[in-house]
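Every read-out reported here was derived from the displayed coordinates using simple, explicitly stated rules and does not represent laboratory data. Predicted, not measured: the structure shown is a model, and the values here were computed from it. When we count neighbours, we look across all protein chains shown, and the Cβ atoms used for this are built from the backbone with ideal geometry, even at glycine.
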Amino acid sequence: MVKQNGIYKCSICGNVVLVIEAHDPAIVCCGQDMNFLEVKTSEQEGKEKHVPVIEIEGNKVTVKVGSVPHPMEDGHYIEFIQILKDGNVIAGKRLNPGEKPEKTFCLENVEGISARELCNIHGLWKSE
């Protein structure tokens, strides 16, 4: 079953899909089912490079990828940062090589938020 707000990646061509509405059947690319990206946390690697760090100042939320800035090179970079609340994506921003691995969002309500980011090599990571 396809998951709402789930992120899927094709193991052949690398296409990435974010599901806005979830319905059956599976999501297919290059003739095969796309892989659901399981969220990773600091238990897999520690907080240094991939786990989003959230800083809140009033209604301003800054998300930095890792306690040490993640590389943003052509072959290894953060593709996007998203803010989630109650399991739903409420804000997000695409990133490109050469940019800083962080983004600032202005939100009406910052209670109960989390963040996730997608590294083009190491997958999907979520804040704690």
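If neighbour count is taken as other Cβ atoms inside 10 Å, put ARG94, ARG116 in order from fewest to most.
Details: ARG94 11, ARG116 23.
Ordered from fewest to most neighbouring Cβ atoms within 10 Å, ARG94, ARG116 come out as ARG94, ARG116.
Could you grab the Rg to Rh ratio for the chain? Cα atoms only, Kirkwood for Rh. Answer for the chain: 0.97.
For the residues HIS76, HIS50, HIS23, a GNM of the chain with alpha-carbon springs under 10 Å puts the largest fluctuation on HIS23.
Highest GNM mean-square fluctuation among VAL17, VAL63, VAL51, for the chain modelled with Cα contacts below 10 Å: VAL17. Other residues with beta-carbon under 15 Å from the beta-carbon of PHE36 carry, at +1 per Lys or Arg and -1 per Asp or Glu, a net charge of +2.
Basic side chains Lys and Arg get +1 at the Cβ, acidic Asp and Glu get -1 at the Cβ, and with that the dipole of the chain about its Cα centre reaches some 140 debye.
Which of LEU18, LEU37, LEU118 ends up with the largest GNM mean-square fluctuation for the chain, with Cα atoms connected below 10 Å? Ranking LEU18, LEU37, LEU118 by mean-square fluctuation puts LEU18 first. Ordering LEU107, ASN96, VAL39 by the projection of their Cα atoms onto the charge dipole of the chain, which places +1 on the Cβ of Lys and Arg and -1 on the Cβ of Asp and Glu, puts ASN96 at the extreme positive end.
Taking a straight Cα-Cα cut-off under 22 Å and skipping sequence neighbours fewer than 8 places away in the same chain, the lysines within cross-link reach of LYS100 are LYS40, LYS47, LYS49, LYS60, LYS64, LYS126. Each Lys or Arg adds one and each Asp or Glu takes one away; over the other residues whose Cβ falls under 14 Å from the Cβ of ILE83, this sums to +2.
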